[in-house]
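Trainee: Below you will find the structure I want to go over with you.
The values are calculated or read from the model by the stated rules, or taken from the named source; none is laboratory data. Just so it is clear, the model here is predicted, and its values are computed rather than measured. Counting neighbours? That spans all protein chains shown, and the Cβs are built from the backbone with ideal geometry, glycine included. To get the accessible areas, we keep the full protein, side chains included, count just its heavy atoms, and leave off ligands, DNA and RNA. Shrake-Rupley method; radii C 1.70, N 1.55, O 1.52, S 1.80 Å.
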Amino acid sequence: MSVVTTSPVARLVQSVPAPLRGVLPFLIAIPVLALAQVASKGSAFFVILSLTVGVNVILAVSLNIVNGMTGQFSIGHAGFMAVGAYTAGLTSKTLAQYGLSFLPGVVSDQVMFAVSLAVGGVVAALFGFLVGLPSLRLKGDYLAIVTLGFGEIIRVAVQNTEVLGRALGL
């Protein structure tokens, strides 16, 4: 006879209906973040700290998906993040001079920001697809070498491209 013991957290997660499991972290995080924003009263330090933590959480989750769930060793995340970030930055810089006249200024800026993020994500995904095609059958160290090479190519390209601000950035 085997006894299966589960942690209280595992029991709590299993008690949540399956369709809500993917959305539940967002439903918890949004009120917590809103409360944190109200509590900090718009402190510049808190905003910068929150942005840094948010970016690093996204990177940690992406590493967990690739390394933890699939068992592949990929170290090109910084390169893909750079492609998406620079694309979003350039798009945002370009769209800054435009606005949606039928919306209030603040809402128009938020829509333009969302468009910039979407464009950055799509371009990063496209680069991921392009790097993934030739390295589809690689595993282990070879995949790590290919993704490390991609990350270095992106770093050198960014540091030497005038449109991207060279080593100073945007």
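Trainee: Test of understanding: in a Gaussian network model of the chain with alpha carbons linked when under 10 Å, which of Ile48, Ile75, Ile145 would top the mean-square fluctuation ranking?
Mentor: The residue with the greatest mean-square fluctuation here is Ile48.
Trainee: Give me the one-decimal nm value for the distance between modelled label points at Val115 and Ser101, 7 Å along each residue's Cα-to-Cβ direction.
Mentor: Taking the simple label geometry, Val115 and Ser101 are separated by 1.5 nm.
Trainee: Oh, and also: Given springs between every Cα pair under 10 Å in a Gaussian network model of the chain, which of Ser101, Ser15, Ser62 has the largest fluctuation?
Mentor: Ser15
Trainee: On the protein heavy atoms, probe 1.4 angstrom, tell me the percent of accessible surface of the chain carried by carbon and sulfur.
Mentor: Of all accessible area on the chain, carbon and sulfur atoms account for 74 percent.
Trainee: Then there is this: Going through segment 1-105, which chymotrypsin sites (Phe, Trp or Tyr not before Pro) have at most 14 other Cβ atoms within 10 Å and a DSSP loop state?
Mentor: Sites meeting the loop and neighbour criteria: Tyr98, Phe102.
Trainee: If I take R0 = 45 Å and measure r between the Cβ atoms of Thr94 and Gln14 in this structure, what FRET efficiency does the formula 1/(1 + (r/R0)^6) give, to the nearest 0.05?
Mentor: Rounded to the nearest 0.05, the efficiency is 0.40.
Trainee: In whole angstrom, and with the biggest value first, how far do the Cα coordinates of segment 19-170 range along each principal axis?
Mentor: Principal extents (Cα only, largest first): 49, 42, 30 Å.
Trainee: Enumerate the amide H contacts of Ile75 below 5 Å, restricted to partners 5 or more residues apart or on another chain; note that Pro and chain-start residues carry no placed amide H.
Mentor: Hits under the 5 Å cutoff: Thr147, Leu148.
Trainee: Let me ask something additional. Can you tell me, using C-alpha contacts under 8 Å and at least 6 residues apart, the relative contact order of the chain as a whole percent?
Mentor: 23 percent
Trainee: Here is a further query. Counting only heavy atoms of protein chains, what accessible area per residue, in Å², does the chain have with a probe of 1.4 Å?
Mentor: Here the per-residue accessible area is 74 Å².
Trainee: Continuing with the same structure: Where in the chain are the DSSP H helices whose alpha-carbon span along the long axis reaches 15 Å or more and whose Kyte-Doolittle mean is at least 0.5?
Mentor: 24-40, 44-63, 77-95, 105-132, 141-160
Trainee: Over the chain, with a Gaussian network built from C-alpha contacts below 10 Å, which listed residue (Pro19, Pro104, Pro31) shows the highest mean-square fluctuation?
Mentor: Pro19
Trainee: Do you know the relative contact order of segment 41-134, to the nearest whole percent, from alpha carbon pairs under 8 angstrom that are 6+ apart?
Mentor: Relative contact order of segment 41-134: 28 percent.
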